[in-house]
Amino acid sequence: MKIVTRNLTKEDYQDLKATMIEAYRGIGGQYWHEDKIDILLEKFPEGQLCVEVDGKVVACALAIVVKYDKYGDEHTYQEITGNYSFRTHDPKGDVLYGIEVFVHPGYRDLRLGRRLYDARKEVCERLNLRSIVAGGRIPNYNTYSNELTPKEYIEKVKRREIYDSTLTFQLANDFHVRKVLKSYLPGDTESKEYATLLEWNNIYFQPDKNRTNPSDSIIRIGVVQWQMRLFNNVQAFYDQVEFFVDAVSSYKADFILFPEFFNMPLLAEFNYMPEPQAIRQLATYTEEVRKKMQEFAISYNVNIVGGSMPLMDGGQLYNAAYLYRRDGTFEEYRKTHITPNEVKHYGMVGGDEVHVFDTDCGKIGIAICYDVEFPELSRILGKQGMEILFVPFLTDTQNGYMRVRNCAQARAIENECYVAISGCVGNLPGVENMDIHYAQSAVFTPSDFQFPTNAIKSEATPNTEMMLIADVDLVQLKELHEHGSVQTMKDRRTDLYDVTMKKSRRKPKVVINRTEEA
C-alpha cells in the first residue's frame, strides 16, 4: 500500500466524485460538481488537499481563506461559500475556512482524516493565518435529538459519554467548539441541520507579518524503552507494541524507535530447542510482525524504526531492522557487525549494505547495537547526508550499555547529527541467553552552543519501561555545519585519509504492499 498526502488536481475529479458519493451515501450521496472544484483549484490551489492510496484519491479536504469579521459567528454554509461560488475567498483574509472533509468508507480505518487535518494546519501556519474555522456536522445527533438539546449533546460528546464520528474526531484534533449553528446545512437530517462552529488556533500566528512555517525543521522523535516480559500469545505482543505506537503518535511524533530483538519474548515458545534452532523458529514470525508494524505505521501516521528481529534468507541467519514509513513503504537494514555472542549462540552472519534511508523528515541511518561501536559505518552514513542515526540496542550489563552509549554520543559529534538509542530493560526468565537487560535510552546531539551543554537532548530513567519524546531541529545541524565552533565534517583531512565502501549498494529494498481491497 502506498499513501501520499498532496494537493488536489483537476485530473483527480472522477476519483473525488466517486469517493464523495460513498462518503455521503447516508444523506443522499451528495457530491461537488466538477465546475465547483475547478473554481477552488483556480482560486486557492494550495488549500485543496487529498490523500492518494495506491494511485487513487480516497480522501479530500477543501478550504478557502476569508476575512472572518465580514461573516462573524452567525453564518450559514451557503453564506460563507458565497452560494457555492467561492467568491468569498480572499487571499488577504485571516482565517482558513474548511468547507469540506471526507474519506471513503472503505479506507476509514487508515485514519486518513488526521493526515488531512495535519496538512491543513501546515497550510494555515505557512500562510500565517490566525486560525482554521469550520462548520462541523454532528451526524449522530438524530439518535438523541428527542432527549438532548444540541448543546447537551455536544457536552456529552466532549465527556466521551456519546461517540459522534465527526465531532469526536475534530475534538481529538485540537479543535474547540465556539458555538452551535442552526440551519447551517439544509438537508442534513442526520444532524437535524445543526452544526458546530469549530476553531483551531495557530499559535505561530503573527499579525501583519509574512512568515514561513516555523515548525518545518522540527522533528519529533519517540523512543521506546521496552520491558522484556513473557506474552501469552502473539496478539498480546502486538497489543503492547500498538500501545506504544498509539501513545507516541498521540504526541504527533514523526518517528518511533523500538529496540534490538524486541520480539525475543516470543522465543519462550521454543525454549525446549537448542538455541540455534529456537531462534530460527522465531524467525518464522518475522514476516508476520513486519506486516503488522507496517500497518501500525500507516494507521497511526508515524514512521517506525526497528525493532530488530532474526531473519532467515538463503539459509543464513541475519539480525534485521526495518524502517516502516507512514506512506506505506518499508526498507530493511541488516546488522553489519555481529557480536561474538550472536555468532556463538545463534550462528548469525552480518549484512553487507550500508546506506541512508530517505524519509519525509530527512535522511536517516540505522545502526544496530554493536554497529555503533564502529565509527567507519556511521561516517559513511554521514557522508551520505544522514541527519538522524537510530540505534536499536540490547545489552545485558551496564558496561555493555556504556559502550553503546559512549560510542553513540561520539557518532553524534563526529557526524554532526542526532542519535537516538532504544534498549530493552528487565528480565526474561526461562529464555536462554536472554536473562537480564540493562538500558537507559536517550537522544544525543552534537556539542556546540545551540545544543544542550552535555549534548544530551533527553534520556530515560535507567531500567524502567517508558517512552521518551524529544524534538530535534534539523536547521541547527545546517548552522553547525556552516558556522560551528568546530566543523568535523568539513575539516576532515581527505587528502590524507578517507573512509570508503568496498561494495556498491544493490537495488534499494523499497517495498509497497498492496491490499486486495486497494
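The values are calculated or read from the model by the stated rules, or taken from the named source; none is laboratory data. From a predicted model like this one, the values you see are computed outputs, not experimental measurements. As a convention, Cβ positions derive from the backbone with ideal geometry for all residues, glycine included, and neighbour counts pool all protein chains shown. Each accessible area value is taken on the protein alone, full model and side chains, heavy atoms only, with ligands, DNA and RNA left out. Shrake-Rupley method; radii C 1.70, N 1.55, O 1.52, S 1.80 Å.
A few comments on the model shown:
This table checks each residue for (1) open to solvent by 10 Å² or more (accessible area, probe 1.4 Å); (2) not charged (D, E, K, R).
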{"residue": "D38", "(1), (2)": "yes, no"}
{"residue": "V53", "(1), (2)": "no, yes"}
{"residue": "L62", "(1), (2)": "no, yes"}
{"residue": "K67", "(1), (2)": "yes, no"}
{"residue": "G72", "(1), (2)": "yes, yes"}
{"residue": "R87", "(1), (2)": "yes, no"}
{"residue": "Y97", "(1), (2)": "no, yes"}
{"residue": "Y107", "(1), (2)": "yes, yes"}
{"residue": "R111", "(1), (2)": "yes, no"}
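- From L127, L116, L112, residue being of a type outside the set (F, W, Y), in contact with a His (Cβ under 9 Å, 6 or more places away or on another chain) and either in contact (Cβ under 8 Å) with a residue 60 or more places away in the chain or more than 30 Å from R6 (Cβ to Cβ) (or both): L112
- Selection of the stretch 367-408 for residues being closer than 25 Å to T461 by Cα and under 25 Å from the mean Cα position of the chain (by Cα) yields A367, I368, C369, V372, I388, L389, F390, V391, P392, F393, L394, A408.
- Residue within the stretch 482-498 that is of a type in the set (K, R), in a strand (DSSP E or B) and open to solvent by 70 Å² or more (accessible area, probe 1.4 Å) present: no
- Qualifying residue in the stretch 160-172 (condition: in a loop (DSSP other than H, G, I, E, B) and over 24 Å from V101 (Cβ atoms)): yes
- The residue pairs whose first member lies in the stretch 383-411 and is closer than 18 Å to N433 by Cα, whose second member is surrounded by fewer than 21 Cβ atoms within 10 Å (Cβ to Cβ) and of a type in the set (V, I, T), and whose beta carbons are closer than 9 Å, counting only pairs six or more residues apart or on different chains, are D396/I436; T397/I436.
- Filter result (part of a loop (DSSP other than H, G, I, E, B), closer than 29 Å to V58 by Cβ and over 26 Å from the mean Cα position of the chain (by Cα)) within the stretch 84-121: Y84, S85, F86, T88, H89
- Filter result for E122 (surrounded by fewer than 20 Cβ atoms within 10 Å (Cβ to Cβ), without any contact (Cβ under 8 Å) to a residue 24 or more places away in the chain, out of contact with any Lys or Arg (no Cβ under 7 Å at 6 or more places or on another chain) and not basic (K, R)): no
- So E414, is it more than 27 Å from the chain's Cα centre (by Cα) and buried (at least 16 other Cβ atoms within 10 Å of the Cβ): yes
- Per-region count, the stretch 364-394, residues under 26 Å from V302 (Cβ atoms) and either part of a loop (DSSP other than H, G, I, E, B) or open to solvent by 30 Å² or more (accessible area, probe 1.4 Å) (or both): 8
- Some residue of the stretch 442-453 being within 25 Å of the chain's Cα centre (by Cα), at negative phi and in contact (Cβ under 8 Å) with a residue 40 or more places away in the chain: yes
- With respect to the conditions (1) surrounded by 20 or more Cβ atoms within 10 Å (Cβ to Cβ); (2) over 24 Å from the mean Cα position of the chain (by Cα), P259 falls short on a single one, namely (2).
- Just one residue in the set I3, I21 is open to solvent by 10 Å² or more (accessible area, probe 1.4 Å) and in contact with a Gly (Cβ under 6 Å, 6 or more places away or on another chain); that residue is I21.
Quick grid of which residues meet (1) modelled with pLDDT of 95 or more; (2) out of contact with any Gly (no Cβ under 8 Å at 6 or more places or on another chain); (3) not polar (S, T, N, Q):
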position	(1), (2), (3)
E269	no, yes, yes
E275	no, yes, yes
T284	yes, yes, no
V305	yes, yes, yes
M309	yes, yes, yes
M312	yes, yes, yes
A320	yes, no, yes
K335	yes, no, yes
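- Output for the stretch 225-256, where each listed residue is in a loop (DSSP other than H, G, I, E, B) and buried (at least 18 other Cβ atoms within 10 Å of the Cβ): M228, A253, D254
- Test result for G382, more than 18 Å from E260 (Cα to Cα), in contact with an Asp or Glu (Cβ under 8 Å, 6 or more places away or on another chain), of a type in the set (G, A, S) and at pLDDT 95 or above: yes
- Filter result (touching a His at 6+ places or on another chain (Cβ under 8 Å), part of a strand (DSSP E or B) and surrounded by fewer than 22 Cβ atoms within 10 Å (Cβ to Cβ)) within the stretch 419-468: G426, N427
Each row is one residue, and each column tells you yes or no for (1) touching a Phe, Trp or Tyr at 6+ places or on another chain (Cβ under 7 Å); (2) modelled with pLDDT of 95 or more; (3) within 30 Å of E432 (Cα to Cα); (4) not hydrophobic (A, V, I, L, M, F, W, C).
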site: K179; (1), (2), (3), (4): no, no, no, yes
site: S183; (1), (2), (3), (4): no, no, no, yes
site: N202; (1), (2), (3), (4): no, no, no, yes
site: F205; (1), (2), (3), (4): no, no, no, no
site: N213; (1), (2), (3), (4): no, no, no, yes
site: Q225; (1), (2), (3), (4): no, yes, yes, yes
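- Matching strands (runs of 3 or more DSSP E) fully within the stretch 268-363 where at least 1 residues are farther than 29 Å from V248 by Cβ and open to solvent by 20 Å² or more (accessible area, probe 1.4 Å): 309-313, 316-324
- Cβ pairs under 7 Å, 6+ apart, first in the stretch 163-186 and open to solvent by 50 Å² or more (accessible area, probe 1.4 Å), second of a type in the set (S, T, Y) and in a loop (DSSP other than H, G, I, E, B): S183/T76
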